[in-house]
1. Return the residues of segment 70-95 that are open to solvent by 40 Å² or more (accessible area, probe 1.4 Å) and under 16 Å from LEU174 (Cβ atoms); say none if nothing qualifies.
2. Would you confirm, using the coordinates I've provided, whether GLU195 is among the acidic types (Asp, Glu), within 30 Å of THR41 (Cβ to Cβ) and open to solvent by 70 Å² or more (accessible area, probe 1.4 Å)?
3. Which pairs turn up if I take residues in segment 105-121 that are among the polar types (S, T, N, Q) and look for partners that are modelled with pLDDT of 95 or more with beta carbon separation below 8 Å, at least 6 apart in sequence or on another chain?
4. Assess whether PRO173 counts as being open to solvent by 50 Å² or more (accessible area, probe 1.4 Å) and not hydroxyl-bearing (Ser, Thr, Tyr).
5. Which of the residues that make up segment 134-156 are within 24 Å of GLY93 (Cα to Cα) and open to solvent by 20 Å² or more (accessible area, probe 1.4 Å)?
6. Scan segment 36-56 for residues that are among the charged types (D, E, K, R), open to solvent by 60 Å² or more (accessible area, probe 1.4 Å) and in a loop (DSSP other than H, G, I, E, B) and jot them down.
7. Which of the residues that make up segment 49-60 are under 16 Å from ILE135 (Cβ atoms) and touching a residue at least 24 places away in the same chain (Cβ under 8 Å)?
8. Regarding segment 101-108, can at least one residue be identified that is more than 15 Å from ILE179 (Cβ to Cβ) and of a type in the set (Gly, Ala, Ser)?
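The values are calculated or read from the model by the stated rules, or taken from the named source; none is laboratory data. These numbers come from a predicted model, not from an experiment. Glycine gets a Cβ as well: all are built from the backbone with ideal geometry, and neighbour counts include every protein chain shown. These accessible areas exclude ligands, DNA and RNA; they are computed on the full protein's heavy atoms, side chains included. Shrake-Rupley method; radii C 1.70, N 1.55, O 1.52, S 1.80 Å.
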Amino acid sequence: MKKLMIVCLLAITAVLNASAQSIIEADINREVNPVLNSIMTRTSVRKYTDEPISKGDIEALLRAGMAAPTAVNKQPWHFVAVTDKAKLKELAGNRGRMIEQCALAIVVCGDMNKALSGKGQAYWIQDCSAATENILLAAHALGLGAVWTGVYPMDDRVAAVSKAVKLPETIVPLCVIVIGHPAESPTPKNKWKPENVSYNEFGK
C-alpha cells in the first residue's frame, strides 16, 4: 500500500511539473516572440494625449488591416481614416468624449459591391473583423493606444456613423477604431480559461 501511494504521488508530481513546465514555456515563448507578446499584452486604451499620429503610422495601420484574410480573397472592405477634429467630434455624437480626444479614428466598413452574393455576403463581417484586429495589434506594436467601438448591427449607430463620414448605401460601417498616443496604461486582462477549450469533441 505504501509503495502504491508513493507511485501515485510521483505520478501526480510529474503531471504538476509538466503542467508548470508548459506554463513556463508558454511565458518564455511569449516573451521572445514579438507577435505573441503583442497579442498577449494588447489591451483597450481610452485616454490619449494631444500628440498627432504620423502619416507613415496611419498608412502602416491601414496596410495591416488590408493584410487580413478574407473569404475567396474578396477584400470587401473600405477604411475611412478620420483625423479632422471637427469630424471626430461629429463622429463621436453622444458616444463619449474619447473619440473627440483621439488623434485618429478608422471607420472599418464593408463594401457590399465587393462582398460575396447570397448567404455568403455575411462573410464581410468576419473579413472586416479580422482587419480590425490586425489594426488593433499594429497600433499596439507601434506604441499607440486603441479601442474597438462597435457600430453594426445597431441601426442608430450605423445611421449616425454613415452620416458623419458620408457613406453611400452600399458601404456599411462595422466599427470605429479609436486610436491615439496613450495617456493611460491599463493592465491587460488574463482571459485564458482552460474550461472554455475542448479537444476533438465538445466537452473533452
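1. Result: LYS74, GLN75, HIS78, ALA81, ARG95.
2. Here the answer is yes, as GLU195 does meet what is asked.
3. Once the first residue is among the polar types (S, T, N, Q) and sits in segment 105-121, its partners that are modelled with pLDDT of 95 or more give ASN113/THR170; GLN121/MET112; GLN121/ALA115.
4. No: the conditions fail for PRO173.
5. Residues satisfying the conditions are TRP148, GLY150, TYR152, PRO153, MET154, ASP155, ASP156.
6. The first filter runs over segment 36-56 and keeps only residues among the charged types (D, E, K, R), leaving 42, 46-47, 50-51, 55.
If we keep only those that are open to solvent by 60 Å² or more (accessible area, probe 1.4 Å) as well, we get 46-47, 50-51, 55.
Correct list: ARG46, LYS47, ASP50, GLU51.
7. Scanning segment 49-60 gives ILE53, ASP57, ILE58, ALA60.
8. No: zero hits.
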